[in-house]
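A.B. asks: If you scroll down you'll find the structure; I have some questions about it.
Computed from the coordinates by the stated procedures, all read-outs in this text should not be read as laboratory data. For clarity, every value in this text was computed on a predicted model and none was experimentally measured. Cβ coordinates were reconstructed from backbone atoms using ideal geometry, including for glycine residues, and neighbour counts include every protein chain displayed.
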Amino acid sequence: AVIYDLLPIQAPEDFSSSYDVRVFRNWITMILSKADVVLCISRTVADAVVRLYLRDDEVQHAREERPLAVDYFPMGFDITERDGEAREAIRAFVDGAEATLLMVGTVEVRKQHDVVLQALEQMADLVRGGRVRLLILGHDGWKNERFKERLQADAQGLFAESVLWVQDA
């Protein structure tokens, strides 16, 4: 089995449906009880899966019967193999900035994109001068309405030239 994350277990408050959290929990319990091998998308997720497997009472019977092999593989992409509009927009955005802050991953509340916008506001002199920019590469996720509203409300202001959100890179 491949496990991308344990977010509904680690941060159930970030999910709007307690039903979805329960379904995910049941699915993970089934995976940990039945699978011989679990592959994760990062060492961090693999470590979390091992901790859950070793401590979770619901999979105790599985632990007693056999060990679970857990490993991880790096997710990635060689950007040099791709060309296109997104790449050109990114290149143009990054050129000329002294520093570009990069956030990669689905835009959702847990990743604090809104807090990063607040930090940019605190550095307004650097941002307005084009010295510092924020590049976000990630799909539109969940519970990020406040972040999107702030970007939209400031479409002609501070963030207009300093923030680029590419959702299909």
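A.B. asks: At q = 0.11, 0.14, 0.17 Å⁻¹, what is the base-10 log of I(q)/I(0) for segment 1-68 according to the Debye formula with one equal point scatterer per Cα and no solvent? Please give it to two decimals.
C.D. replies: These q points yield log10 I(q)/I(0) values of -0.24, -0.40, -0.58.
A.B. asks: Still on this structure, I have one more. Would you grab the residues whose amide H sits under 5 Å from the one on TYR72? Only those 5+ places off in sequence or on another chain, please, with H modelled 1.01 Å from N.
C.D. replies: CYS40
A.B. asks: Using square roots of five times the C-alpha gyration tensor eigenvalues, list the equivalent-ellipsoid semi-axes of the chain in whole Å, biggest first.
C.D. replies: The three semi-axes for the chain are 39, 19, 13 Å.
A.B. asks: Applying the Karplus parametrisation 6.51 cos²θ - 1.76 cosθ + 1.60 with θ = phi - 60° to the phi angles of segment 47-60, what ³J(HN,Hα) value in whole Hz is obtained for each residue in order, glycine and proline being reported as x?
C.D. replies: 4, 5, 5, 4, 4, 4, 4, 6, 10, 7, 5, 5, 10, 4
A.B. asks: Amide H neighbours of LEU101 under 5 Å, at least 5 residues apart or on other chains, H built in the peptide plane: list them.
C.D. replies: Here ARG133, LEU134, LEU135 satisfy the definition.
A.B. asks: Something else: Looking at the chain as a GNM with Cα springs under 10 Å, which of THR106, THR29, THR44 has the largest mean-square fluctuation?
C.D. replies: Judging by the Gaussian network model, the answer is THR44.
A.B. asks: Efficiency by 1/(1 + (r/R0)^6): what FRET value for TYR4 and GLN112, r their Cβ-Cβ distance, R0 = 22 Å, to the nearest 0.05?
C.D. replies: Once rounded, the FRET efficiency stands at 0.65.
A.B. asks: Using θ = phi - 60° and the Karplus relation 6.51 cos²θ - 1.76 cosθ + 1.60, list the HN-Hα couplings for segment 24-37 in order, rounded to whole Hz, with x at every Gly or Pro.
C.D. replies: Result, ordered by residue: 4, 4, 5, 5, 4, 4, 5, 4, 5, 7, 10, 6, 8, 9 Hz.
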